[in-house]
Amino acid sequence: MMNDAINLIRELEDMGRNPKISILKTMKETGKKAVGCFPIYTPEELVYAAGMLPVGMWGGQTSGTLSDRYLQGFCCSIMKANTEQALLGQYDFLSAVIVTAYCDTLKCVIENWKIASPQLNVVPIVYPQNRKTPSGKMYMKDEFLRIKKELERIAGNVIAEQDLLESVDLYDEYRCIMQEFTDTVQDYPDLLKAKTRHLIIKAAYFMDKKIYNEKVSKLILELRKLPPENSRKRKRIILSGFISEPDGLLDIMTDNDMYVVADDLAHESRQFRTIAAKTGSPLDRMIERIALQDGCAFLFDEKKSRGRMLTAMKEKYRADGIIFCQLKFCDPEEFDYPIIKKDLEAAGVASLYIEIEQQMDSLEQLRTRIQSFGEVLA
Amino acid sequence: MEHQKTSKQLLGELLDKHYADALQAKADGKPVAWSTSIAPQELLETMGIHVVYPENHAAAIGARKHAQEFINHSEGKGYSVDICSYARVNLAYMDIQQCEAANIPLPDLIFCCNNICNTVIKWYENIARELNVPMIFFDLPFNHAYEVSDQNVRYIKAQILEAIIRLEEITGQKFDYDRFGEVMRISSETSLWWKNASLLACAKPSPLNGFELFNYMATIVCMRGTKEGLELFKLWHDELKEKSERGIGPWKDAEEKYRVMWDGIACWPYLGDTYKVLKKYGINMVTSTYPDSWYIVYDENDLDGMARAYSSNYVNRNLDFGTDNIVNIVKDFRLDGIIYHSNRSCKLMDFRQFEVQRRVEEATGVPSVIFDGDQTDPRAFSLAQFETRIQALVEMMEARKKEWGVS
Ligand code: SF4
Ligand code: SF4
């Protein structure tokens, strides 16, 4: 029983740890072409319905300087890493790359990539920011239909309505399972340490969603057979921000007796925390999900609800504190933070702000800050 | 006979009046809006809503060397040093509400258009939240294809119509479509005269010292929809035309030796310093990317045209368009060189600059330099580096003149 759970955990961790190897393995197993999907949201459902694999492109561990040809030093580390890898030809096995335009950096990346890496078949997509209004929804539909055509051309076949319906259902199922998974984590602070939790969630970006869903469902089932672990000594943490990398950041939290009971990371829960009702066409459901996705730095939110959302999360998960992982140079997140800070302070929620880059030479400063935060919470 | 004012006098008076009127409107209990610099102000003008422009105001604060205290305040509130310095200045002004450079009333309404960048979405979202005022937001999708697509035009037009309904709800007044037509006509005409005036700098020597563009920019932002604005730009045009016909160059005490364009925003805290360095070497900055940014021209009552015009500014267009734009400027203005401002504040302008520079150089052979700066944060600019880069540019321009006999 315990072994089944552990084996599944190890398997998923491995898939999350080695993006390229995992993708190539999945491609081999499924015989599918792969399409790269940039942060934050892409119409992955369309890629899947076209019989291809949507795979995540959220930076990586690189240290080269090729990207300096296109980007100044004050560009975020995610886009520097992506561009570096593109220029190295690391992505040439992809059939296309969907590049989004949520921030100003991404708009420029679309343009540079079309020139620098024409072989990657860049498919730009611009989501509406007025996503709740009739005009925004109309535009989103136009945009999804345009991408659908592009994907059909790349896949060499037409996306049937039934395939799209199944794909949207599969993604809803994925989101449901992941909500259940992240809720389960709180009962197993030893088995599902911060890093393990992160890698399991991350594995979804490199696997066929159908297979991934089966594995995670099975894992939840196996976990539920085990008695909840004693977590009294540990501090219950919520993570907010873009991503919880560099490698090593989460281990520092574990070293300081912290474990992640919930998150608001763009790279993790924002991918699955919102599910639209099963009404209307598959495209309508995809549109509705984006319309409902609030508290995200990358989607216009007139109510600016993220701070209040985090306060509510703190109650719901009985968290001891919130760590805001600010990815350096990611300006949409940088703009959200002062308002969040104000909201959290008003509600008396303990929080820590740390600035991170995906590749960092030294984590010592972070270690000291996280340690002192742990002491404050104790 | 009354002595006729020069456009420069008029410019100063109009700007003073612009701020005074807004403060008065607020004192009288009338609604005031804060708007981004290239937004469909036609709707607000039609409704008679006073509007001020945080970017203009932040630039004025920067030019009067007051930016640092505001920047410190914002950073103290948790704003990162890496975000746009206009936002850092303005978000602090929202709290402090007092500056010697100029004062503006707080808004009752936010008017935001992301054709200049997505940064403004976040910045204005924060103002709306902090002041608890409604935000009307125009989403103009980035044009990654060369032309503005019909799909985008459809979306933008629909948003203009939705905004009109929202304005009616907020003010409780009916939208006057006749007046709207008139404002549309005036706005397009003002844009035309702004562009016509700036085009006079194509003459050799240029009657225009391009740093004046930086001054007039404030009025094209805030007076585009008004008769006074229209008159100002006509007058400016006529003055420049007369100067040009008489063969007068940009300066009384120096000759225009080199003609360059400035890519990006000015360094407001160092406006005088940068100007002096250029003038010292006989460099006249004859144009910049500003003239085209406020060239928003469309037919009266043509909402599709209006939607397209607002989405057509170069920062919202793709890299091919941006390159062609500068290549044409090089030809039309007979440039000797280009100065690119790598502006720490503005990622959208920066992260295409390297490739644009390479392409423009390949297409035109005109030399260029990039310098590091910021539009309002005084800490991100070094006068010594600027001058070194300018010296390098002068050497390249000189070498090219010798080699090609270009003069
Ligand atoms: S700035 Fe943020 S949203 Fe933009 S590309 Fe970088 S990480 Fe992504
Ligand atoms: S300077 Fe750049 S980032 Fe700042 S408001 Fe202007 S366009 Fe946006």
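Give the separation of the Cα centroids, the range A:175-199 to the range B:58-83, in Å. Rounded to whole Å, the Cα centres lie 42 Å apart.
Which value, in debye to the nearest 20, describes the size of the charge dipole of the range A:32-159 about its Cα centre when Lys and Arg Cβ atoms bear +1, Asp and Glu Cβ atoms bear -1, and nothing else is charged?
Details: 14 positive and 11 negative charges, 72 e Å.
With only Lys, Arg, Asp and Glu charged at Cβ, the dipole is about 340 debye.
I'd like the FRET efficiency for A:Arg146 and A:Leu292, computed as 1/(1 + (r/R0)^6) with the beta carbon distance as r and R0 of 22 Å, rounded to 0.05. Present the calculation step by step, with values, prior to reporting the outcome.
Working: r = 23 Å, r/R0 = 1.02.
Efficiency, rounded to the nearest 0.05: 0.45.
Estimated at 0.36 nm per residue, the fully extended path between B:Gln9 and B:Glu362 surpasses their Cα-Cα distance by 122.8 nm. Going by a ≥ b ≥ c, the root eigenvalues of the Cα gyration tensor, does the range A:141-199 fall in the rounded group (a/c under 1.5), the prolate group (a/b larger than b/c) or the oblate group? Cα axes put the range A:141-199 in the prolate bin. Other protein chain C-beta atoms within 10 Å of residue C-beta, averaged over B:152-158: 4.
Kirkwood hydrodynamic radius, the range A:59-203, all distinct C-alpha pairs: what's the number in Å? Don't skip to the answer; put the middle values down first.
On the way: mean 1/r = 0.0549 Å⁻¹.
Roughly 18.2 Å, rounded to one decimal.
Loop-located trypsin sites (Lys or Arg not before Pro) in the range A:314-358 (DSSP state other than H, G, I, E, B) with a sparse environment of at most 10 neighbouring Cβ atoms within 10 Å: A:Arg318. When the listed pairs A:Lys114/B:Lys195; A:Lys20/A:Lys195; A:Lys132/A:Lys303; A:Lys141/A:Lys304 are checked against a 21 Å cut-off, the alpha-carbon distance exceeds it for A:Lys114/B:Lys195; A:Lys141/A:Lys304.
Per the Debye formula on identical point scatterers at the alpha carbon atoms of the range B:83-187, with no solvent, log10 I(q)/I(0) at q = 0.19 Å⁻¹ is -1.15.
In the range B:356-407, a dipole from Cβ-located charges (positive for Lys and Arg, negative for Asp and Glu) runs towards its positive end, and of B:Val394, B:Gly405, B:Gly365 it is B:Gly405 whose Cα lies farthest in that direction. A crude spin-label estimate for the pair B:Asn328 and B:Ile165, with each label 7 Å from Cα along the Cβ direction, gives 3.7 nm.
Of the two radii for the range B:11-175, the radius of gyration is 0.98 times the Kirkwood radius, both from the alpha carbons; that is the Rg over Rh value.
Placing unit charges on the Cβ atoms only, positive for Lys and Arg and negative for Asp and Glu, gives the protein assembly as shown a dipole magnitude near 760 debye about its Cα centre.
The charge dipole of chain B, taken about its Cα centre with unit charges on the Cβ atoms of Lys, Arg (+1), Asp and Glu (-1) only, comes to about 900 debye.
So how far, in whole Å, is the C-alpha centre of the range A:43-98 from the one of the range A:213-255? Result: 27 Å between the Cα centres. Do any of B:Lys77/B:Lys280; A:Lys107/A:Lys218; A:Lys33/A:Lys215 go past 30 Å between their Cα atoms, and which? Listed pairs above 30 Å: B:Lys77/B:Lys280; A:Lys107/A:Lys218. Taking only the Cα atoms of chain B, the radius of gyration and Dmax are 20.9, 68 Å. Peptide B:18-31 is shielded by partner chain Cβ atoms: per residue, an average of 0 of them sit within 10 Å of its Cβ. Take each residue in A:301-311, count the other chain C-beta atoms within 10 Å of its C-beta, and the mean is 2.
Rounded to the nearest 500, the helix-only mean residue ellipticity at 222 nm of the protein assembly as shown stands at -17000 deg cm²/dmol, with each DSSP H run of n ≥ 4 adding -39,500 (n - 2.57).
Using only the alpha-carbon atoms of the range B:185-260 as identical scatterers, what base-10 log of I(q)/I(0) does the Debye formula give at q = 0.16, 0.20, 0.26 Å⁻¹? Scattering profile of the range B:185-260, log10 relative to I(0): -0.56, -0.81, -1.16.
Under a 1.4 Å probe, what is the accessible area of chain B per residue, stated in Å²? Walk me through the intermediate numbers first.
Numbers: 15150 Å² over 407 residues.
Spelled out: the 1.4 Å probe surface of chain B, per residue, equals 37 Å².
Put simply, when A:27-34, B:341-348 are sorted by average Cβ atoms within 10 angstrom per residue, most first, you get B:341-348, A:27-34. For the range A:250-378, report the % of Cα-Cα distances exceeding 19 Å. Pairs farther apart than 19 Å: 55 percent.
Quick one: net charge around B:His50, please, counting Lys, Arg +1 and Asp, Glu -1 for every other residue with C-beta under 9 Å from its C-beta.
Spelling it out: positives minus negatives among the neighbours equals +1.
Each principal axis of the Cα cloud of chain A was taken in turn, and the coordinate range along them, longest first, works out to 57, 49, 42 Å. Note on B:Met396 and B:Asn132: their simple-model spin labels are 5.5 nm apart, each label 7 Å out from Cα toward Cβ.
Over the range B:262-407, one equal point on each Cα, no solvent: what is log10 I(q)/I(0) by the Debye formula at q = 0.10, 0.13, 0.22 Å⁻¹? Here the Debye-derived log intensity ratios amount to -0.38, -0.62, -1.49. From the square roots a ≥ b ≥ c of the eigenvalues of the alpha-carbon gyration tensor of the protein assembly as shown, which class results: rounded (a/c under 1.5), prolate (a/b over b/c), or oblate? Since a/c reaches 1.5 and a/b is larger than b/c, the shape of the protein assembly as shown is classed as prolate.
The values are calculated or read from the model by the stated rules, or taken from the named source; none is laboratory data. Remember, it's a predicted structure, so these values are computed and weren't measured experimentally. Using ideal geometry, Cβ is built from the backbone for each residue, glycine included, and neighbour counts are taken over all protein chains shown. Heavy atoms of the whole protein, side chains included, go into the accessibility calculation; ligands, DNA and RNA do not. Shrake-Rupley method; radii C 1.70, N 1.55, O 1.52, S 1.80 Å.
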